[in-house]
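Heads up, the thing below is written out as structure tokens.
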Amino acid sequence: MIDYAALLRPDSGQPATNIHLVDVAGLDGWIAGQPERVRTTVSAQRFTGKPAEYAILPGDGASDWSVVAGVRNAEAPGCWCLARLAEVLPEGSYRMAGGTPGASGLGWLIGQYRFDRYRKGDENQGPRVLLTNDVARIDATVRLAEATAMVRDMVNTPAADMGPPDLEGVARDLGRRFGAQVTVTRGDDLATGYPMIHAVGRAADRHFAPRLIELLWGDPAHPRIAIVGKGICFDSGGLDIKPSSAMRLMKKDMGGAAHALALARLVMGANLPVRLHLLVPAAENAIGANAFRPGDILASRKGISVEIGNTDAEGRLVLGDALTRAGEEQPEVILDFATLTGAARVALGPDLPALFTNGDRMADGIAQAATAIDDPVWRLPLWDGYAEMIKSDVADINNAGEGGFAGAITAALFLRRFVPDDVDWAHFDTFAWRASARPGRPKGGDALGLRAAFAWLQGRYLRE
Ligand code: BES
Ligand code: MN
Ligand code: ZN
């Protein structure tokens, strides 16, 4: 991984290229104060101050150039307003002329993200370092960049190299790094305690055996929280096999686990005063003679019997057992992340994770934190009236909704059956993927809802 800490450094007056931020409203005033050669080059480059525009400005000597960048509001730079600059400017050191990067420091760092595990990086693109006077903010910004890069790397990595053992490896690395305890229940040991994780994962190769990965960290006297992430390392659909076009991207079906692991990393990195319980049910939804079948009725850890209407609705099964386990320890909060339904994408598109909570206060709190940190989410309802869509004729519940309506909602209602009523629970149905690039956010795996969840946790647990 890139050394993000090397890209955001304290400003001690070292030589650096200036970056001027300008918005459309402030453009004329800024231009008026510039020498003739700058005014000429600004108009020659057709720079109008709109977001994402930039122009290179000449100085007195060859090495004395600077940059002007258009942003929405030059007074309060947003998260992504420097991201494109960090991608396109040459290697070197930069500073903001007359200001600090604020939120835009993150975009500067993560704008330099590349997924180069399987090919050489571009050698012409050396580090672009941003200097800042806001030294107190550096560490937290670097940790956000690292957590975001971690999600991207994990999601971008193909299933062959990001199977259940690899997810376990990531959890064990975090455990070592932060002094957390990691416990793994694997393979046939899942059969009695975690029947649904076992059923979903049992057709996979031995080497990819399903597992429940648990990490426990922090002072037991602190309030307990649980973070859960769907770790389906590849979703073929099972016997209800997906068409090839739908299967193509299913290496990303462990995106929820990547978010959960990255959120745990942020919580531990910031030393949040909580007792953290991370749970990742990891499995490959594979096809084989021992695969679970449509019509099978599974036992679950909760004791609810589950009829399989569709083996492709596997995420809610592994999550059901993991949420049950989380609830047994009576945490005050459970957050789960999952690439759970195509329906959430139909409803909200790829940019907005669907947020479900069992209380309005939590929904409002997360939505506010999300807006403030520029990591939007959108609430959908746990609409009780749709519970009948996941009724079964022969078991307590069916894993697939009937009729094809409200797929994201019926999936969330299914999960709710496994969450204790008195726990504050939020479920993020996230895409974990960007189909087209935006500044700082290349096409491919991405963290969506991660910073929102972390900001909300900080607001709740970091009381001064
Ligand atoms: N992993 C998929 C959901 C998914 C598909 C997320 C595409 C993002 C993009 C999940 O396991 C799944 O297959 N869900 C089914 C549920 C249905 C069978 C009830 C879906 O959404 O079609
Ligand atoms: Mn599926
Ligand atoms: Zn899936």
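The values are calculated or read from the model by the stated rules, or taken from the named source; none is laboratory data. Here the structure is a predicted model, which means the values were calculated and not measured. Here the Cβ positions follow ideal geometry from the backbone for every residue, glycine too, while neighbour counts run over all protein chains shown. To get the accessible areas, we keep the full protein, side chains included, count just its heavy atoms, and leave off ligands, DNA and RNA. Shrake-Rupley method; radii C 1.70, N 1.55, O 1.52, S 1.80 Å.
In deg cm²/dmol, rounded to 500, what helix-only [θ] at 222 nm does the chain give when every DSSP H run of at least 4 residues adds -39500 (n - 2.57) and the total is split over its residues?
For the chain, the value works out to -9500 deg cm²/dmol.
In debye to the nearest 20, how big a dipole does the stretch 108-188 give about its Cα centre with +1 on each Lys and Arg Cβ and -1 on each Asp and Glu Cβ? Write out the running numbers ahead of the final one.
Numbers: 12 positive and 12 negative charges, 23 e Å.
Computed about the Cα centre, the dipole is about 120 debye.
Could you state the number of Å between the C-alpha centres of the stretch 370-400 and the stretch 78-147?
Taking the Cα centre of the stretch 370-400 as reference, the centre of the stretch 78-147 is 37 Å away.
Using unit Cβ charges (K, R positive; D, E negative) and no other charged atoms, how large, in debye to the nearest 20, is the dipole of the stretch 4-112 about its Cα centre?
Using Cβ point charges on Lys, Arg, Asp and Glu, the stretch 4-112 gives about 160 debye.
If Met268, Met250 are ordered by their accessible area, calculated over protein heavy atoms with a 1.4 Å probe, which sequence runs from highest to lowest? Please list the in-between numbers first.
Numbers: Met268 10, Met250 30 Å².
So the residues, ranked largest to smallest area, are Met250, Met268.
Putting +1 on Lys and Arg Cβ atoms and -1 on Asp and Glu Cβ atoms, find which of Val182, Ala437, Thr339 reaches farthest to the positive end of the dipole of the stretch 144-461.
After comparing all options, I get Ala437.
When a/c reaches 1.5 or more, the comparison of a/b and b/c decides; with that in mind, is the stretch 144-461 rounded, prolate or oblate per its Cα gyration tensor?
rounded
Which of Gly121, Ala140, Pro58 sits farthest toward the positive end of the charge dipole of the stretch 1-159, with +1 on the Cβ of Lys and Arg and -1 on the Cβ of Asp and Glu?
Working it through, the farthest residue towards the positive pole turns out to be Gly121.
Which one, Gly365, Ala264, Ile297, projects farthest toward the positive side of the charge dipole computed for the chain from Cβ point charges (K/R +1, D/E -1)?
About the Cα centre, the residue reaching furthest to the positive side is Ala264.
Dipole magnitude of the stretch 144-461 about its Cα centre, charges +1 at Lys/Arg Cβ and -1 at Asp/Glu Cβ only, in debye to the nearest 20?
780
How large is ³J(HN,Hα), in whole Hz, for each residue of the stretch 170-185 in order, when computed from phi with the Karplus curve 6.51 cos²θ - 1.76 cosθ + 1.60 and θ = phi - 60°, using x for Gly and Pro?
So the J values, rounded to whole Hz, are 4, 5, 5, 4, 4, x, 5, 5, 10, x, 9, 9, 10, 10, 10, 9.
Within the stretch 1-23, name every residue whose backbone N is under 14 Å away from a label modeled 7 Å from Cα of Gln125 along the Cβ vector.
Only 2-3 pass the distance filter.
Can you give the FRET efficiency for Arg248 and Ala32, using 1/(1 + (r/R0)^6), R0 = 51 Å, r = Cβ-Cβ distance, to the nearest 0.05?
Step by step, r from the Cβ atoms, then E = 0.45.
Under the definition of Cα pairs under 8 Å and six or more residues apart, what whole-number percent is the relative contact order of the stretch 4-112?
32
Among 42-48, 439-445, 298-304, 58-64, what's the highest-first ranking by average C-beta atoms within 10 angstrom per residue? Each step should come with its number before you reach the end.
Details: 42-48: 13.7, 439-445: 19.9, 298-304: 17.9, 58-64: 10.1.
Highest-to-lowest ranking by the protection proxy: 439-445, 298-304, 42-48, 58-64.
Using the Karplus curve 6.51 cos²θ - 1.76 cosθ + 1.60 with θ = phi - 60°, what ³J(HN,Hα) values do you get for each residue of the stretch 383-390, in whole Hz, with x for Gly and Pro?
7, 3, x, 8, 4, 5, 5, 10
Over the chain, calculate the relative contact order: mean separation of alpha carbon pairs under 8 Å at least 6 apart, over the residue count, as a percent. Walk me through the intermediate numbers first.
Values: 1035 pairs, mean separation 68.7, N = 464.
This gives 15 percent for the chain.
First measure r as the distance between the Cβ atoms of Ala25 and Asp374, then evaluate 1/(1 + (r/R0)^6) with R0 = 22 Å and state the FRET efficiency to the nearest 0.05.
Given R0 = 22 Å and the Cβ-Cβ separation, E is 0.60.
Give me the accessible area per residue for the chain, probe 1.4 Å, as a whole number in Å².
Counting only protein heavy atoms, the per-residue value for the chain is 42 Å².
For His198, what is the net charge nearby, where nearby means another residue's Cβ is under 11 Å from its Cβ and Lys, Arg count +1, Asp, Glu -1?
Details: positive: Arg186, Arg202, Arg211, Arg301; negative: Asp188, Asp189, Asp321.
For residues surrounding His198, the net value is +1.
Taking K and R as +1 and D and E as -1, what net charge do the other residues with C-beta under 14 Å from the C-beta of Gly29 add up to?
Numbers: positive: Arg39; negative: Asp23, Asp28, Glu75.
Result for the neighbourhood of Gly29: -2.
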